[in-house]
Amino acid sequence: MTARPATDVDWGRVRAWGLYGGLTMAFIAAIGMVESLDARMMVHPVLSLGYLFLLWAPPAFGYAAAYEPVKEGMAAPAKGARDLVAGAVAGLLAGAVFGLFIVVAATFDLREVFVKLSPVLVDLLTFGRGVGFGVATWIVLSTGLGLVGGLLHVLPERGRAAVFNALAAVFVVALLELAVVDVLETFRLEAVERFLYAPNGGITIPGAVVVALVAGFVTLRTTGGAVLRFRSRYAAMTGEERRRFGVRWGLVAIAGLVVFPMIVGGLTNELLANVGLFLLMALGLNLVVGYAGLLDLGYVAFFAVGAYTTALLTSPLSPTLKPMFRLDLLTVEGWVVMAIVIAVAALSGLVIGTPVIRLRGDYLAIVTLGFGEIVRILFLSDWLAPLFGGAQGIRNIPPGYLGPIKVAGTSPQTIFYVVTIFVGIAIYVAWRLYHSRIGRAWAALREDEDVAEAMGIDTTRMKLLAFVTGAILASFSGMIFAVKVGSVFPSSFKLIVSIIVLVIVIVGGMGSIPGVVIGAVVLIGVLGGPTQPGLLAEFGEFKLLLYGVLLVVMMLRRPEGLWPSVQRQRELHQEEFLQDAWLKTEAAQAAARGEAPS
Amino acid sequence: MTTDTPVLEFRNVHTHYGPVHVLKDVSMEIRPGELVCLLGGNASGKTTTLKTILGMVVPSSGDVLVDGEVVTGKSTAEIVARGVSMVPENRRLFKRMTVLENLEIGAYLREGEDLEEDLERIFEMFPRVKERLHQKAGTLSGGEQQMVAVGRALMARPKLLLMDEPSMGLAPILVQQNFEIIQQINEAGMTIFMVEQNANMALSIADRGYVLQTGQIVLADTAERLLANEDLRRAYLGELE
Ligand SMILES: Nc1ncnc2c1ncn2[C@@H]1O[C@H](COP(=O)(O)OP(=O)(O)O)[C@@H](O)[C@H]1O
Ligand SMILES: [Mg+2]
């Protein structure tokens with residue numbers, strides 16, 4: 001192969017990605033992310049989360065600039081100096097655009113329009129050493145990082161994975177500081193803690209280096225395709241083997257879930273409890289949206305119904321009705337509360353579901369959205385204030401009990417355990433439904449409602465079933481939420497809750513239970529819920545922006561979600577050639593299992 | 001003609017979509033083992049007739065009888081359970097499900113029954129279907145889709161098979177094959193009610209035919225006599241050939 005000249009670069013591509021990079025950095029700075037996130041140290045003392053949000057751009061866009069599509073049946077384009085040139089030039093361009101932004105921000109007072117363009121920000125961006133120094137530094141830095149991006153493109157797959165995993169590991173270790181410190185302290189490993197983390201937050205430089213080396217080394221040493229090999233091994237198992245495999249790892253997972261909350265502190269448990277509450281809702285919404293294909297934007301209504309029902313039944317401060325039940329899940333009284341919550345949720349599912357269920361697609365989404373708001377406004381209304389307390393809500397919801405154990409928000413650990421039990425139930429119910437005749441009916445319904453009806457599927461009943469089951473799961477979440485917070489207000493049940501639960505389902509992978517679990521952990525655990533902080537609590541006001549970005553990126557790059565269901569993957573990749581490829585692997589697996597090819 | 005109770009009977013059926021009057025005083029009957037076709041031009045109400053049989057639209061007056069029992073106003077699920085199944089217009093497979101899943105949905109109401117035998121029977125009739133069993137239905141060719149659609153309807157073990165324009169959108173050679181298969185299924189004892197625009201083809205395999213024009217039955221006769229009646233066909237069906 002003849003060597004390619006270093007200038008054999010797609011300049012249009014380089015120009016475009018360089019500009020995008022620079023504009024992205026300027027945007028991130030202009031909306032105030034750099035300034036707000038500067039408070040969170042990632043690598044002490046050199047790298048704050050704020051700077052990290054700028055620094056990822058040049059290498060990423062440099063890599064994109066160097067990228068060349070590989071076409072099937074054609075020789076892969078030779079890599080080499082040209083990639084470095086493309087990356088560096090894109091980085092340079094990005095740095096220049098960003099430098100220009102700094103100059104403008106420093107020279108003109110634009111705060112009337114761009115409120116976040118403060119002198120503090122300029123100071124931060126110029127490292128407190130003047131505009132000239134700042135701009136020059138950014139151009140050099142950006143060029144260098146762009147070059148790194150290009151270099152990454154030259155590296156073979158494995159090397160790239162090693163670098164990526166090394167960086168990701170440092171990021172995750174810094175991200176999980178709270179939980180890791182808890183664990184280390186439980187095991188009296190203060191020495192490790194002091195080595196890894198700086199006293200006032202952030203991973204230390206030696207710590208970062210060690211973590212990066214370990215992760216990179218492990219990546220290089222493990223042979224690739226571990227996931228694929230696992231999958232084919234799992235596919236080759238017999239039913240009995242699979243069952244035993246499931247039981248074994250299920251027990252390990254349960255043991256982990258029991259032990260983990262004990263070795264981490266209150267804040268981590270609080271976070272886990274929130275993940276659980278949203279996961280419970282997401283599992284319910286997954287039945288409605290993912291399985292039955294009904295886009296319900298008013299799902300928060302059932303969460304609210306569960307919470308208010310619990311409040312009414314247990315709180316001494318409930319305005320009129322105060323039966324003051326004791327919510328002990330190991331007594332008959334507790335079961336009565338549960339039964340009433342389930343009944344009220346099912347009833348509200350029917351009441352909201354029946355009129356809207358005949359609507360399709362967009363209409364269903366809009367009408368359910370309306371119903372969700374109506375429920376909140378009813379709880380807020382003066383008219384029903386004698387029952388629900390209006391804007392004051394209902395306070396003094398007593399803790400719940402599991403026999404002698406008190407379950408209350410003051411001890412998030414107990415909330416986490418309870419929510420985990422309910423999540424377990426929800427997963428079991430969802431899994432059983434999915435693999436039943438009902439699950440098949442839902443799939444048919446989602447695909448073609450008229451034909452499903454002509455096959456004898458009672459479409460109305462199936463849809464209502466999904467709606468009501470979803471409502472009950474959300475009401476469980478509401479019940480635990482009420483006990484956790486100790487009070488319910490209409491303002492806790494806004495549209496944003498429905499939206500975030502829907503985003504969890506979509507990002508995780510519609511119709512996929514593991515996907516929904518991952519979606520809840522990533523979104524609620526890391527970014528945080530509507531009012532609940534996540535691991536990156538500093539995100540605060542930018543949370544919704546990041547939700548939006550994540551959603552857009554996912555829809556463009558991976559519409560089937562992080563962990564798609566088999567069904568959904570098929571739905572989204574309809575191309576024949578993929579189908580053929582799938583058939584080929586299927587045949588290969590059958591052959592490996594020793595079956596005769598059909 | 002046999003004297004058994006008709007598998008399907010329409011007694012002065014009127015069907016409306018909202019205020020729009022589509023079927024106007026339709027009466028007909030289909031006896032066990034017959035292959036009857038309903039001919040009619042575009043928008044004459046053929047699909048509406050099938051939907052009325054299945055209870056997907058409810059007649060505004062008149063009665064539909066399946067096996068001598070009035071089913072007017074009963075749910076589609078109930079009517080399907082009584083042994084009526086349909087191959088819809090344009091086949092309408094569940095495109096993103098596999099062929100096998102499509103067939104299983106066809107047997108939806110036969111809860112818990114063993115489907116092996118039925119599947120074998122379908123594979124015998126359509127060896128192609130067996131080859132494609134785990135492929136997404138949407139990736140099949142038109143002819144294969146037709147086979148799966150017929151198979152899906154047969155999985156319900158119906159007494160009466162409804163077919164909505166089976167020749168629509170198929171290449172001429174496939175149309176020919178398709179009609180041969182319909183004929184075979186009929187000869188094996190299945191009662192079939194087929195809706196068609198392609199009058200020549202349909203009448204060549206049918207026992208009897210009805211002609212529908214703007215929602216009214218304008219002609220009912222044996223297939224031979226209808227075939228011979230060219231002028232009528234031209235007048236009512238507006239045939240192109
Ligand atoms: N869902 C519906 N709502 C209103 N009008 C309809 C509907 N379906 C069909 N029609 C009308 O009923 C008439 C008969 O339609 P159809 O039975 O589909 O005809 P064919 O199958 O013979 O082509 C047409 O005029 C059509 O526009
Ligand atoms: Mg039609």
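The values are calculated or read from the model by the stated rules, or taken from the named source; none is laboratory data. Not measured: the values here are computed from a predicted model. We place every Cβ from the backbone using ideal geometry, glycine too, and count neighbours over all the protein chains shown. Protein only, heavy atoms only, side chains kept; ligands, DNA and RNA dropped before computing areas. Shrake-Rupley method; radii C 1.70, N 1.55, O 1.52, S 1.80 Å.
Find the centroid of the Cα atoms in region A:461-492 and in region A:374-421, then give the distance between the two in whole Å. Each part's Cα centre sits 11 Å from the other's.
Protein heavy-atom accessible surface, 1.4 Å probe, per residue over chain A: 48 Å². Note on A:LYS71 and A:ARG194: their simple-model spin labels are 6.2 nm apart, each label 7 Å out from Cα toward Cβ. Principal-axis analysis of the Cα atoms of chain A puts helix A:412-434 at an angle of about 80° to the longest axis. A simple count of charges around A:LYS484, restricted to other residues whose Cβ falls under 15 Å of its Cβ and scoring Lys, Arg +1 and Asp, Glu -1, yields +1. Solvent-accessible surface, computed for protein heavy atoms with a probe of 1.4 Å, shrinks by 30 Å² or more for the following residues of region B:99-114 when the other protein chains are added to the isolated chain: B:GLU101, B:GLU104, B:ILE105, B:TYR108, B:GLU111. Only Cα pairs under 8 Å and 6+ residues apart enter the sum, and on that basis the relative contact order of region A:247-356 stands at 15 percent. Modelled label positions at A:ALA78 and B:GLU78, each set 7 Å beyond Cα in the direction of Cβ, lie 7.8 nm from each other. Pairing chains A and B buries close to 2600 square angstrom of accessible surface in total, based on protein heavy atoms and a 1.4 angstrom probe.
Across the protein assembly as shown the C-alpha pair distances fall into 10 Å bins from zero in the proportions 2, 10, 17, 18, 18, 15, 11, 6, 2, 0, 0 percent. Rounded to the nearest 20 debye, the dipole magnitude of the protein assembly as shown is 2440 debye, with +1 charges on Lys and Arg beta carbons, -1 on Asp and Glu beta carbons, and the Cα centre as origin.
3J(HN,Hα) couplings calculated from phi for region A:390-400 with the Karplus curve 6.51 cos²θ - 1.76 cosθ + 1.60 (θ = phi - 60°) are, in sequence order, x, 5, 5, x, 10, 10, 6, 6, x, x, x Hz; Gly and Pro show x.
Show me, for region A:83-99, the HN-Hα J-couplings you get by feeding each phi into the Karplus relation (A = 6.51, B = -1.76, C = 1.60, θ = phi - 60°), rounded to Hz, glycine and proline as x. Values, residue by residue: 5, 5, 4, 4, x, 5, 5, 4, x, 4, 4, 4, x, 5, 4, 5, x Hz. Protein heavy-atom surface of chain A, 1.4 angstrom probe: 70% of the accessible area is carbon and sulfur, with nucleic acids and ligands not counted. Summary of the geometry: region A:187-225 and region A:291-345, compared by the centres of their Cα atoms, lie 45 Å apart.
In terms of its C-alpha gyration tensor, region A:301-394 has an oblate overall shape, because the principal axis ratio a/c (a ≥ b ≥ c, square roots of the eigenvalues) is not below 1.5 and a/b does not outweigh b/c.
Given +1 at the Cβ of Lys and Arg, -1 at the Cβ of Asp and Glu and no other charges, the dipole of chain B around its Cα centre is 720 debye to the nearest 20.
Per-residue accessible area (protein heavy atoms, 1.4 Å probe) orders B:HIS21, B:HIS14, A:HIS435, A:HIS153 as A:HIS435, B:HIS21, B:HIS14, A:HIS153, starting from the largest. Computed on region A:254-550, with alpha-carbon pairs under 8 angstrom and 6+ residues apart, the relative contact order is 34 percent. Need one word for region A:288-446: rounded, prolate or oblate. Basis is the Cα gyration tensor (sqrt eigenvalues a ≥ b ≥ c); a/c below 1.5 gives rounded, then a/b vs b/c decides. In terms of gyration-tensor shape, oblate. Surface calculation, 1.4 Å probe, protein heavy atoms: A:LYS116 sits at approximately 60 Å² accessible. Over all Cα pairs of region A:254-550, how is the pair count split among 5 Å bins, expressed in % and running from 0 up to the last occupied bin? The distribution over region A:254-550 is 1, 6, 12, 17, 19, 17, 14, 8, 4, 1, 0, 0, given as percents.
Compute the angle between helix A:361-380 and the longest alpha-carbon principal axis of chain A, please, reported from 0 to 90 degrees and rounded to the nearest 10. Helix A:361-380 sits at roughly 60 degrees to that axis. Near A:ALA292: Cβ cut-off under 9 Å, other residues only, Lys/Arg at +1 and Asp/Glu at -1. The net charge is +2. Using r as the Cβ-Cβ distance of B:SER141 and A:VAL154, and R0 as 35 Å, what FRET efficiency do you calculate, to the nearest 0.05? Calculated transfer efficiency: 0.20.
Rounded if a/c is under 1.5, else prolate if a/b beats b/c, else oblate: with a ≥ b ≥ c from the C-alpha gyration tensor eigenvalues square-rooted, which is region A:364-403?
Verdict is oblate for region A:364-403.
All other residues whose Cβ lies under 14 angstrom from that of A:HIS44 are scored, Lys and Arg at +1 and Asp and Glu at -1, for a net of -1. For region A:247-285 and region A:110-170, compute the distance between their C-alpha centroids and round to whole Å. Cα centroid of region A:247-285 versus Cα centroid of region A:110-170: 36 Å apart. Comparing A:ALA212, A:THR354, A:GLY239 along the charge dipole axis of the protein assembly as shown, the residue lying farthest to the positive side is A:ALA212, per the Cβ-charge model. Computed with a 1.4 Å probe on the full set of protein chains, the accessible area for A:TYR20 sits at about 120 Å². Along region A:344-359 the Karplus relation, 6.51 cos²θ - 1.76 cosθ + 1.60 evaluated at θ = phi - 60°, assigns HN-Hα couplings of 5, 5, 4, 5, 5, x, 5, 5, 6, x, 4, x, 9, 5, 7, 6 Hz to successive residues, with x for each Gly and Pro. Assuming charge only on the beta carbon of Lys and Arg (+1) and of Asp and Glu (-1), the dipole of region A:254-550 about its Cα centre is about 460 debye to the nearest 20. Against chain B, whose longest principal axis is taken from its Cα atoms, helix B:116-125 shows a tilt of about 70°.
In percent, rounded to a whole number, the relative contact order of region A:158-237 is 42, using alpha-carbon pairs under 8 Å and six or more apart.
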